[in-house]
């Protein structure tokens, strides 16, 4: 990538594709957004503020991300639901070599099988991306939920 603008565009495109993948229930494609040595965790703003590592979901490799998808498809029992992501614009916080840190606000609506739609989660993604030619891949995504009250139906990735 030749400019910060090109980098920002690649990240914005990757985030939009990531959200579409989840919203369209193409979970088998979700691991493809991550590097092999990735981290994905869901936590609360309170935990981040207080320096706690506690996570509702903690995956620290692409293999674990794949296992999560497999469990969602074959082992876990949860009420059928879908998400709709609304993303803010990514803010580039820092760049160092091929690593880029960003923060992006999100809102997730949850649509239940009966059609009921609720505001499910709000927060921010704290991401670390690795530049890979003209594209980027996620090295780490820490999903920081604004509320410490997380619905027990958190099954699908945020």
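I'd like the residue in segment 28-46 that is touching a residue at least 12 places away in the same chain (Cβ under 8 Å) and assigned to a helix (DSSP H, G or I) and, out of all such residues, is farthest from the chain's Cα centre (by Cα). Step through it out loud before you land on a result.
Looking only at segment 28-46, we keep the residues that are touching a residue at least 12 places away in the same chain (Cβ under 8 Å), and these are 28, 30-31, 33-46.
When the remaining residues are screened for being assigned to a helix (DSSP H, G or I), the result is 28, 30-31, 33, 45-46.
Values: 28: 15, 30: 10, 31: 11, 33: 10, 45: 15, 46: 18 Å.
Filtering first and then ranking leaves 46.
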| message | Quick check on my filter: what residues within segment 62-94 are out of contact with any strand residue (DSSP E or B) (no Cβ under 6 Å at 6 or more places or on another chain) and more than 20 Å from residue 36 (Cβ to Cβ)? | response | 72, 73, 74, 75, 76, 77, 78, 79, 80, 89
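Against the condition assigned to a strand (DSSP E or B) and either over 18 Å from residue 47 (Cα atoms) or in contact with a helix residue (DSSP H, G or I) (Cβ under 9 Å, 6 or more places away or on another chain) (or both), how does residue 138 come out, does it pass? Spell out the reasoning first.
Numbers: assigned to a strand (DSSP E or B): yes; either over 18 Å from residue 47 (Cα atoms) or in contact with a helix residue (DSSP H, G or I) (Cβ under 9 Å, 6 or more places away or on another chain) (or both): yes.
Here the answer is yes, as residue 138 does meet what is asked.
State whether the residues of segment 95-107 include one that is over 23 Å from residue 13 (Cβ atoms) and in a strand (DSSP E or B).
Within segment 95-107, the subset over 23 Å from residue 13 (Cβ atoms) is none.
For segment 95-107, residues over 23 Å from residue 13 (Cβ atoms) and in a strand (DSSP E or B): absent.
Go over the candidates 121, 132, 140 one by one and state the one that is crowded, with 18+ Cβ neighbours inside 10 Å and without any contact (Cβ under 8 Å) to a residue 60 or more places away in the chain. Steps first, please.
Details: 132 fails: crowded, with 18+ Cβ neighbours inside 10 Å; 140 fails: without any contact (Cβ under 8 Å) to a residue 60 or more places away in the chain.
When all the criteria are applied, what remains is 121.
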| Do you know which of the residues in segment 48-81 that are touching a residue at least 60 places away in the same chain (Cβ under 8 Å) and either in a loop (DSSP other than H, G, I, E, B) or more than 12 Å from the chain's Cα centre (by Cα) (or both) is surrounded by the most Cβ atoms within 10 Å (Cβ to Cβ)? | 68
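Before we move on, is residue 144 closer than 21 Å to residue 14 by Cα, in contact with a helix residue (DSSP H, G or I) (Cβ under 6 Å, 6 or more places away or on another chain) and modelled with pLDDT of 95 or more?
Values: closer than 21 Å to residue 14 by Cα: yes; in contact with a helix residue (DSSP H, G or I) (Cβ under 6 Å, 6 or more places away or on another chain): yes; modelled with pLDDT of 95 or more: yes.
Yes: the conditions hold for residue 144.
Sort out which residues of segment 95-108 are within 15 Å of the chain's Cα centre (by Cα) and either at pLDDT below 95 or under 17 Å from residue 33 (Cβ atoms) (or both), and write them in order of number. So that I can check it myself, show each step before the final result.
Here is the first cut: in segment 95-108, the residues within 15 Å of the chain's Cα centre (by Cα) are 101-108.
Result: 101, 102, 104, 106, 108.
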| task | Within segment 98-109, identify whether any single residue is surrounded by fewer than 16 Cβ atoms within 10 Å (Cβ to Cβ) and more than 25 Å from residue 47 (Cβ to Cβ), and answer yes or no. | result | yes
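The values are calculated or read from the model by the stated rules, or taken from the named source; none is laboratory data. Quantities reported herein were computed from a predicted structural model and do not represent experimental measurements. Neighbour counts are summed over all protein chains in view; Cβ atoms, including those assigned to glycine, are modelled from backbone coordinates with ideal geometry.
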